[in-house]
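Q: Please find one structure pasted underneath; my questions will follow.
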Amino acid sequence: MPSQTLEQILEGRRSQPNQLIEVLHDAQKEYGYISREVMQAVSQGLGVPIIEVYRVSSFYKAFRLNPSGKNVLTMCMGTACHVRGAHLLLDQATGQLGVKPGEVTPDGLFSVENVNCLGVCAMGPIVTENGSYHQHMTPGKLRKLIETLRNKEAEGTKHAQA
Ligand code: FES
């Protein structure tokens, strides 16, 4: 449930420079991604052409144009992580979850994303799980991490049904 409406976000950012990017950041924080409806509301609210809102939203990797899974696994595919086997981690995650980067598992529990560098190259290869960093990751550690997250979700479901 968003803590503020899009109207409140727009009102708070209207007079700022770079307001479009700031509004899109706020909207993504509240709604999880930049939907077509959000783009239209931002376009109208700021008086910016919809094509410009779409251009900015799709240009920056920080913006998501589709909903993500409940658990987001982000694979760093930057050079330092790549030479330490990041592609093996990507293969592990996509193979174990049965999704491609940018997709969400059918149960909505996981999505896998790629980034170019997370800024902590010496600790690579890096995977983030819902924003938490996992350094010196291996395919085996990643498999266990995914299993742990799956088990937690299953436990949560059992408790919710009891
Ligand atoms: S290349 Fe992975 S953190 Fe920089």
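Q: Once the other residues with Cβ under 15 Å from the Cβ of VAL120 are scored (Lys, Arg +1; Asp, Glu -1), what is the net sum? Present the calculation step by step, with values, prior to reporting the outcome.
A: Working: positive: ARG84; negative: GLU129.
Around VAL120, the charge tally is 0.
Q: Rounded to whole Å, give me the distance from the Cα center of the range 1-72 to that of the range 136-157.
A: What the calculation gives is 31 Å, centre to centre.
Q: Once you have a ≥ b ≥ c as the square roots of the Cα gyration tensor eigenvalues for the range 6-59, tell me rounded if a/c is under 1.5, and otherwise prolate or oblate according to whether a/b is larger than b/c.
A: Values: a/c = 1.38, a/b = 1.10, b/c = 1.25.
Taking the square roots of the gyration eigenvalues as a ≥ b ≥ c, the range 6-59 is rounded.
Q: Another question about this same structure. If you keep only loop residues by DSSP, which chymotrypsin sites (Phe, Trp or Tyr not before Pro) in the range 5-103 have at most 15 other Cβ atoms within 10 Å of their Cβ? Don't skip to the end; give the middle numbers.
A: Working: sites: TYR31, TYR33, TYR54, PHE59, TYR60, PHE63; in loops: TYR33, TYR60, PHE63.
Those that pass, being in a loop and sparsely packed, are TYR33, TYR60.
Q: While we're looking at this one, here's another question. Work out how much length LEU46 to THR105 would gain on full extension: take 0.36 nm times their residue separation and subtract the Cα-Cα distance, in nm to one decimal. Don't skip to the end; give the middle numbers.
A: Numbers: separation 59, 0.36 × 59 = 21.24 nm, distance 3.48 nm.
My answer for the length gained is 17.8 nm.
Q: Per-residue HN-Hα couplings for the range 18-31, Karplus 6.51 cos²θ - 1.76 cosθ + 1.60 at θ = phi - 60°, whole Hz, x for Gly and Pro?
A: With the stated coefficients, the range 18-31 comes to 6, 4, 4, 5, 5, 5, 5, 4, 4, 5, 5, 4, 7, 10 Hz.
Q: Right, here's the next one. Leaving out ligands and nucleic acids, note down the accessible area per residue over the chain with a 1.4 angstrom probe, in whole Å².
A: Numbers: 9530 Å² over 162 residues.
Solvent-accessible surface per residue comes out at 59 Å².
Q: Same structure, new question: Just add up the charged neighbours of GLN40: K/R +1, D/E -1, any other residue whose Cβ is under 14 Å from the Cβ of GLN40. Walk me through the numbers on the way to the answer.
A: Numbers: positive: ARG36; negative: GLU7, GLU37, GLU52.
Residues near GLN40 contribute -2 overall.
Q: Going by a 4.7 Å Cβ-Cβ cut-off, which cysteines of the chain have no partner at all?
A: Flagged as lacking a Cys partner: CYS117, CYS121.
Q: Sticking with this one: Take the solvent-accessible surface of the protein heavy atoms, probe 1.4 Å, and return the percent of it on the range 1-48 that carbon and sulfur atoms account for. Write out the running numbers ahead of the final one.
A: Values: 1360 of 2970 Å².
For the range 1-48, the apolar C and S fraction of the accessible surface comes to 46 percent.
Q: Rounded to the nearest percent, how much of the accessible area of the range 71-161 (1.4 Å probe, protein heavy atoms only) is carbon and sulfur?
A: Numbers: 2650 of 4870 Å².
After summing per-atom areas, the C and S share lands at 54 percent.
The values are calculated or read from the model by the stated rules, or taken from the named source; none is laboratory data. Everything numeric in this text was worked out from a predicted model, so none of it was measured. Don't worry about glycine lacking a Cβ; one is built from the backbone with ideal geometry, like all the others, and counts go over all protein chains shown. Only protein heavy atoms, including side chains, enter the accessible area calculation; ligands, DNA and RNA are left aside. Shrake-Rupley method; radii C 1.70, N 1.55, O 1.52, S 1.80 Å.
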